[in-house]
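Asker: First the structure, which I've put down as structure tokens, then a few questions once you've had a look.
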Amino acid sequence: MSSLAAQKTAGFSALLEARNLTRILPAVVPVTLVEDISFEVGEAEFVAITGPSGSGKSSLLYLLGLLDRPTRGDVLIRGTKTDELSSAELSQVRLEQIGFVFQFHFLLPEFSVLDNVMIPMQKLGKLPQRDQLDHAKTLLADLGLEEFLHRLPAQLSGGQRQRVAVARALANTPDLILADEPTGSLDSSATEQVFESLQKIVETQNTTVVAVTHDLDIASRMERRIHLVDGRIDYDRHR
Ligand SMILES: Nc1ncnc2c1ncn2[C@@H]1O[C@H](COP(=O)(O)OP(=O)(O)O)[C@@H](O)[C@H]1O
Ligand SMILES: [Mg+2]
């Protein structure tokens, strides 16, 4: 049994836990990005991270997504501590268990919509080629993009591109989607579509979504809000 499986059977663990996370950038005058952040997030939660510009939202999301390492504290995924994992092991956890959506879509411009969604599956290599294609088509159809499978990202609107990015984040069926201002560069109707697609993922697939947003209308429609000020949690409350 893998250590992850052993811990799973040992008892309840939150899907994601931030445990006393502090990140300080070393410099002549060190910069504290986040300080002593602790919370747990369970399955099928829809969580907003809010706060003023510069309050540490992106820094926190990078730590939660194992893209950056804390100075102190740890991130636990289903009870498994990640501070002792190697870079290769962290990459594998990210690939298998976490989907990312950023403000800018970061789709590969020279690949079709379908290929962009299949690339993470190819990287993981768990599904046979045939199933990868079917799975990508299903994800894209669920997001209302079935007409655009063979288009290039540049041939789509901003909202459509961002929905492709959501489909790509779902490619390996992660338990957790982390999104940093996923609607930050979209107009209001595209914002609504992307928001609804994230909400649907939480409701129908039990996936947890943690999304940084400065859109307070969007945040108020999410079940839980963690508000940061100066790198610390100001409040963490349910709607
Ligand atoms: N590489 C860096 N060098 C220096 N300061 C940084 C760096 N990255 C972030 N910061 C600072 O850390 C703080 C938190 O940044 P960030 O997490 O991006 O905030 P937010 O996403 O809430 O706007 C800000 O004051 C920012 O200027
Ligand atoms: Mg940010």
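Asker: So what is the calculated 222 nm ellipticity per residue for the chain, using -39500 (n - 2.57) for each DSSP H run with n of 4 or more, over all residues, to the nearest 500 deg cm²/dmol? Please report the intermediate quantities before stating the final value.
Answerer: Working: 8 runs with 88 residues, N = 239.
After summing the helix terms and dividing by the residues of the chain, the value is -11000 deg cm²/dmol.
Asker: Stokes-Einstein D for segment 177-229 at 20 °C, 1.002 mPa s, Kirkwood Rh over Cα pairs, in µm²/s?
Answerer: 187 µm²/s
Asker: Can you give me the long-range amide H partners of GLU223? Hydrogens built in the peptide plane at 1.01 Å from N, cutoff under 5 Å, separation of 5 or more residues or another chain.
Answerer: Answer set, sorted by chain and number: PHE46.
Asker: Here is a follow-up. Based on the Cβ-Cβ distance from THR32 to ALA141, what FRET efficiency comes out when R0 is 45 Å, to the nearest 0.05?
Answerer: 0.50
Asker: On full extension of the chain, what length is gained from ASN206 through SER220, given 0.36 nm per residue of separation minus the C-alpha to C-alpha distance?
Answerer: Working: separation 14, 0.36 × 14 = 5.04 nm, distance 2.02 nm.
Roughly 3.0 nm would be gained on extension.
Asker: For LYS126, go through the aspartates and glutamates and keep the ones whose alpha-carbon is under 19 Å away, minus same-chain ones fewer than eight residues off.
Answerer: Result set, ordered by chain and number: GLU89, GLU96, ASP115, ASP134, ASP175.
Asker: While we're looking at this one, here's another question. Once Rh is set to the Kirkwood radius over Cα pairs, what Stokes-Einstein translational diffusion coefficient, in µm²/s, holds for the chain at a temperature of 4 °C and a viscosity of 1.567 mPa s?
Answerer: Details: Rh = 18.4 Å.
Value of D from the Cα-based Kirkwood radius: 70 µm²/s.
Asker: Would you mind calculating the relative contact order of segment 3-238 from Cα pairs under 8 angstrom and at least 6 residues apart, reporting the percent as a whole number? Don't jump to the answer; show the numbers that get you there.
Answerer: Numbers: 445 pairs, mean separation 67.9, N = 236.
Over segment 3-238, the number comes to 29 percent.
Asker: Tell me which residues come under 5 Å, amide H to amide H, from THR71 once H is placed; ignore anything under 5 positions away on its chain.
Answerer: Placed amide hydrogens put THR22, ARG23, ILE24 under 5 Å from THR71.
Asker: What lysines could a cross-link reach from LYS81, if we take a straight Cα to Cα line under 16 Å and drop same-chain neighbours fewer than 8 places away?
Answerer: In chain and number order, the partners are LYS8.
Asker: At 7 Å along Cα-to-Cβ for each site, give me the label-to-label distance between ASP236 and GLN129 in nm.
Answerer: Placing both labels 7 Å beyond Cα along the Cβ direction yields 4.7 nm.
Asker: Hey, what do the phi angles of segment 169-183 turn into as Karplus ³J(HN,Hα) couplings, whole Hz, using 6.51/-1.76/1.60 and θ = phi - 60°, x for Gly and Pro?
Answerer: 4, 8, 3, 9, 6, x, 7, 9, 10, 10, 10, 10, 6, x, 10
Asker: Dipole size in debye (nearest 20) for the chain around its Cα centre, Lys and Arg Cβ +1, Asp and Glu Cβ -1? Display every interim value, and only then the final one.
Answerer: Working: 24 positive and 32 negative charges, 64 e Å.
Dipole about the Cα centre, nearest 20: 300 debye.
Asker: Next question, about the same structure. Relative to the present Cα-Cα distance, how much length would full extension add between GLN122 and ALA88 at 0.36 nm per residue of separation? Mind dumping the intermediate values first?
Answerer: Numbers: separation 34, 0.36 × 34 = 12.24 nm, distance 1.71 nm.
Result: 10.5 nm gained on full extension.
Quick note: the coordinates plus some simple rules give every number you see, no bench work behind them. Every value quoted in this text rests on a predicted model; they were computed, and no experiment measured them. So basically every Cβ, Gly included, is an ideal-geometry build from the backbone, and we count neighbours across all protein chains shown.
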